[in-house]
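Just below is one structure, and these are the notes that go with it.
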Amino acid sequence: MKLPGTSRLAKLSRMLQHLILPHWWVLRAFPKPVLDAIARAITSSEHHHCGELRFVVEAGLPFAGLLRSESPRQRAIALFSALRVWDTEHNSGVLIYLQLIDRRVEIIADRGIDACVGHEFWTAVCRRMERAFAENHFEAGALGALDEITQALSTHFPLADGGANELPDAPLVL
């Protein structure tokens, strides 16, 4: 799939950026203390609702995705499936995907919670995160988004009978 408005030169430039920047580049924006804070926020969040949160951050797309001109949204959808975020008991899984080279945030939500809050909610959360990240406020942007999502999940999927933790709480760095 060709990205809209992408020239050959722009496509080549994008590919080079994704291939050249090393994996550890993610840790400049999300060092271990920030990743730990995000994990604690997810654990705390899941004590208030029956939803499941996964936070994934990736410097660049894998080579195969670059060859297909994969968008960050397409990558997020693939990870939503691969990480089984869709496979939660209450259909209330939420994947927050950060792709740093393209400077994109994508949120993919399972049908249960998505039907309650809708596309506009997720888009607004993504854009607020992107604005925070543009100002190098990675921790604040991530934690703010987790707070917003926690409120939505708590409203629509309140915790019942203790709830099981179906997905890992630790952020995944790819």
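The values are calculated or read from the model by the stated rules, or taken from the named source; none is laboratory data. In this text, all values refer to a predicted model and were calculated from it rather than measured experimentally. Backbone-built Cβ (ideal geometry, glycine too); neighbour counts: all protein chains shown.
Checking each residue in segment 147-161 for being touching a residue at least 60 places away in the same chain (Cβ under 8 Å), assigned to a loop (DSSP other than H, G, I, E, B) and surrounded by fewer than 18 Cβ atoms within 10 Å (Cβ to Cβ) picks out LEU159, ALA160. Residue check: ALA76 meets all listed conditions (1) in contact with a strand residue (DSSP E or B) (Cβ under 8 Å, 6 or more places away or on another chain); (2) of a type in the set (Gly, Ala, Ser); (3) not in a helix (DSSP H, G or I) but one, namely (3). Every listed requirement among (1) in contact with a strand residue (DSSP E or B) (Cβ under 7 Å, 6 or more places away or on another chain); (2) farther than 25 Å from ARG8 by Cα is met by GLU89 save one, (1). Evaluated against (1) more than 19 Å from PRO72 (Cβ to Cβ); (2) touching a Cys at 6+ places or on another chain (Cβ under 9 Å); (3) in a helix (DSSP H, G or I), GLY118 falls short on exactly one condition, (2).
A single member of ALA115, ALA164, ALA78 is surrounded by fewer than 17 Cβ atoms within 10 Å (Cβ to Cβ) and modelled with pLDDT under 90, and it is ALA164.
Within segment 85-101, at least one residue is touching a residue at least 12 places away in the same chain (Cβ under 8 Å), among the hydroxyl-bearing types (Ser, Thr, Tyr), closer than 18 Å to GLY60 by Cβ and surrounded by 15 or more Cβ atoms within 10 Å (Cβ to Cβ). Inspection of segment 125-132 identifies no residue that is loosely packed, with under 14 Cβ neighbours inside 10 Å and part of a loop (DSSP other than H, G, I, E, B). The set of residues in segment 117-138 being over 18 Å from VAL57 (Cα atoms) and either touching a residue at least 24 places away in the same chain (Cβ under 8 Å) or touching a helix residue (DSSP H, G or I) at 6+ places or on another chain (Cβ under 7 Å) (or both) consists of VAL117, PHE121.
For segment 15-71, filtered to residues that are more than 17 Å from TYR97 (Cβ to Cβ) and β-branched (Val, Ile, Thr), the residue that is modelled with the highest pLDDT is THR43. For segment 141-160, check the following and say yes or no: at least one residue is over 18 Å from GLY51 (Cα atoms) and either modelled with pLDDT of 95 or more or not acidic (Asp, Glu) (or both). Yes; the residues of segment 141-160 include at least one that is over 18 Å from GLY51 (Cα atoms) and either modelled with pLDDT of 95 or more or not acidic (Asp, Glu) (or both).
Every residue, every condition in (1) within 10 Å of the chain's Cα centre (by Cα); (2) not in a loop (DSSP other than H, G, I, E, B), yes or no:
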site: SER44; (1), (2): no, yes
site: PHE55; (1), (2): yes, yes
site: TRP86; (1), (2): no, no
site: ILE108; (1), (2): yes, yes
